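The next block holds one structure in the form of structure tokens; read it before the comments.
The values are calculated or read from the model by the stated rules, or taken from the named source; none is laboratory data. Since the model is a prediction, treat every value here as computed from it, not as a measurement. Positions of Cβ are generated from backbone atoms using ideal geometry, with glycine treated the same way; all protein chains shown enter the neighbour counts. Each accessible area value is taken on the protein alone, full model and side chains, heavy atoms only, with ligands, DNA and RNA left out. Shrake-Rupley method; radii C 1.70, N 1.55, O 1.52, S 1.80 Å.
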Amino acid sequence: MAKQAPALPWLEAGENFPPLGDAWGHEDPAPGLLAAGAVLDVTTLVQAYSQGIFPWFSEGQPVLWWSPDPRMVLQVKNFKLHRSLRKGIKRFADDPSCEIRFDFAFADVINACAHKPRAGQPGTWILPSMVKAYIALHKAGHAHSVETWVNGELAGGLYCINLGSMVFGESMFAHQTDASKIALSALVAFCRASGITMIDCQQNTQHLASLGAGEISRPEFVAHLGRSVDRSAPVWDFKPVYWNQLLTTGTPDLP
């Protein structure tokens, strides 16, 4: 007989999130699920991310809030720069028709992420309500886009959240080969140059693991948040010299 799911708290506007220890465990139907609600505004999003909570829900569902244990993160010092990607970055950095832009076309980036087909997924979790909420979060200065531009066209990119010295990765897309990987590489280079040591990846995937991401416990993740979110946030501006954080450091080349 299937185990009955525990009761799920419902959040009204302005209410605090439950303790993270109340999130559903591995024996429950949806491990990491913490609460449900109807509010997805800037205040609630900032409160959630600062505590290690993020929204993830599908069409027809309320806003579902999650705090998984363990947590997938990328320690930027552990970023795996594969040999082919290093060559692609060098070509990109040396080509005057190619550039990295931050926050030039945030709405285009999140909409591209929302509409990109993904293997094994019939639809998208980036619903119109999510797009609207994160555009508002961007206008409030907490959400950012990292964009790969080629010949004046948006070739790929990602969007993320930044609170203090903590970055939370959200989603990537690519219209051209390796455009999203180059955007992620630019984010890693920027984080290294800015003293940001960790990028939250939320869920474990083979692709993230291949780039150097790994799991840490929820308490370890929350402790890092506590040391990070109240620090000064960096100025979100990419300078070509940041590529040196990857190309001229001890980052190992991998096949």
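Would you mind calculating the gained length between residue 131 and residue 206 on full extension (0.36 nm times residue separation, minus the Cα-Cα distance), in nm to one decimal?
Value of the extension gain: 24.4 nm.
Excluding residue 106 itself, what net charge comes from residues whose Cβ is under 13 Å from its Cβ, given Lys and Arg +1 and Asp and Glu -1?
Its environment carries a net charge of -1.
Round to the nearest 10 and give me the degree value, 0 to 90, for the angle of helix 218-228's Cα axis relative to the longest principal axis of the chain.
Taking Cα atoms only, the helix is inclined about 60 degrees.
Give me the dipole magnitude in Debye, nearest 20, for the chain about the Cα centre, with unit charges on the beta carbon: positive for Lys and Arg, negative for Asp and Glu.
800
With unit charges on the beta carbon (Lys/Arg positive, Asp/Glu negative), name the residue among 212, 96, 107 whose Cα is farthest towards the positive pole of the charge dipole of the chain.
96
Given a cut-off of under 8 Å on Cα pairs at least six residues apart, what relative contact order in percent is computed for the chain?
It comes to 23 percent, rounded to a whole number.
I'd like the accessible area for residue 200, computed on protein heavy atoms only with a 1.4 Å probe and all protein chains in place. Round to 10 Å², please.
Rounded to the nearest 10, that gives 0 Å².
Not counting ligands, DNA or RNA, and with a 1.4 Å probe, what is residue 172's accessible surface area in Å² rounded to the nearest 10?
About 50 Å², ignoring ligands and nucleic acids.
In terms of solvent-accessible area of protein heavy atoms at a 1.4 angstrom probe, what is the ranking of 138, 115, highest value first?
Output order, biggest surface exposure first: 115, 138.
Quick one: which residues, 5 or more positions from residue 202 or on another chain, have an amide H under 5 Å from its amide H? H modelled 1.01 Å from N in the peptide plane, none for Pro or chain starts.
For residue 202, the qualifying residues are 72.
Report the charge-dipole magnitude of the stretch 10-131 in Debye, nearest 20, computed about the Cα centre from +1 at each Lys and Arg Cβ and -1 at each Asp and Glu Cβ.
For the stretch 10-131, the charge dipole is close to 1080 debye.
Let me check something: with ligands and nucleic acids excluded, how do 71, 227, 101 order by accessible area (1.4 Å probe), largest to smallest?
Solvent-accessible surface, decreasing: 227, 101, 71.
Could you state how much accessible area residue 43 has, in square angstrom rounded to the nearest 10, with a 1.4 Å probe and all protein chains kept in place?
So the heavy atoms of residue 43 present about 100 Å² to solvent.
Report the extension gain between residue 236 and residue 108 in nm, rounded to one decimal, defined as 0.36 nm multiplied by the number of residues separating them, less their alpha carbon distance.
44.3 nm
Any idea which of 30, 183, 141 is furthest toward the positive side of the dipole for the chain, if Lys and Arg beta-carbons carry +1 and Asp and Glu beta-carbons -1?
The one lying farthest along the dipole's positive direction is 183.
Can you sort 22, 95 by solvent-accessible area, 1.4 Å probe, largest first?
22, 95
Could you state the angle between the C-alpha long axis of helix 179-194 and the longest principal axis of the C-alpha atoms of the chain, as a value from 0 to 90 degrees rounded to the nearest 10?
So the inclination is approximately 90 degrees.
Mind listing the phi-derived Karplus ³J(HN,Hα) values for the stretch 30-35, rounded to whole Hz, using 6.51, -1.76 and 1.60 with θ = phi - 60°, and x for any glycine or proline?
The phi angles translate into 9, x, x, 5, 10, 6 Hz.
Of 163, 151, 65, which is farthest towards the positive pole of the chain's charge dipole, taken about the Cα centre with +1 and -1 on the beta-carbons of Lys, Arg and Asp, Glu respectively?
151
For the stretch 191-242 and the stretch 62-88, what is the separation of their C-alpha centers, rounded to whole Å?
What the calculation gives is 8 Å, centre to centre.
When only alpha-carbon atoms are used, what values of Rg and Dmax, in angstrom, describe the stretch 30-81?
Using the Cα atoms of the stretch 30-81, the pair Rg, Dmax is 13.4, 41 Å.
Enter the angle in degrees (range 0 to 90, nearest 10) between the Cα long axis of helix 128-139 and the first principal axis of the Cα atoms of the chain, meaning the one along which they spread out most.
60
For n ≥ 4 DSSP H runs only, could you compute -39500 (n - 2.57) per run for the chain, divide by its residues and tell me the 222 nm figure to the nearest 500?
Roughly -9000 deg cm²/dmol at 222 nm, from the helical runs in the chain.
Return the aspartates and glutamates within reach of residue 181: Cα separation strictly under 13 angstrom, same-chain partners fewer than 8 residues apart disregarded; answer none if there are no such residues.
147
Stick to Cα atoms and the Kirkwood definition of Rh, then tell me Rg/Rh for the stretch 1-126.
Rg/Rh: 1.06.
Measure off, as a whole percent, the carbon and sulfur share of the 1.4 Å-probe accessible area of the stretch 134-255, all protein chains present.
On the stretch 134-255, the fraction of accessible area on carbon and sulfur atoms equals 52 percent.
Between (i) 21.5; (ii) 18.9; (iii) 18.2, which entry matches Kirkwood radius over Cα pairs in Å as derived from the coordinates of this structure?
Here Kirkwood radius over Cα pairs in Å agrees with entry (ii).
Local charge sum around residue 131 (other residues, Cβ-Cβ under 15 Å, Lys/Arg +1, Asp/Glu -1)?
Charge balance near residue 131 sits at -1.
Pick from 59, 27, 215: which residue has the top mean-square fluctuation in a GNM of the chain where Cα pairs under 10 Å get a spring?
27
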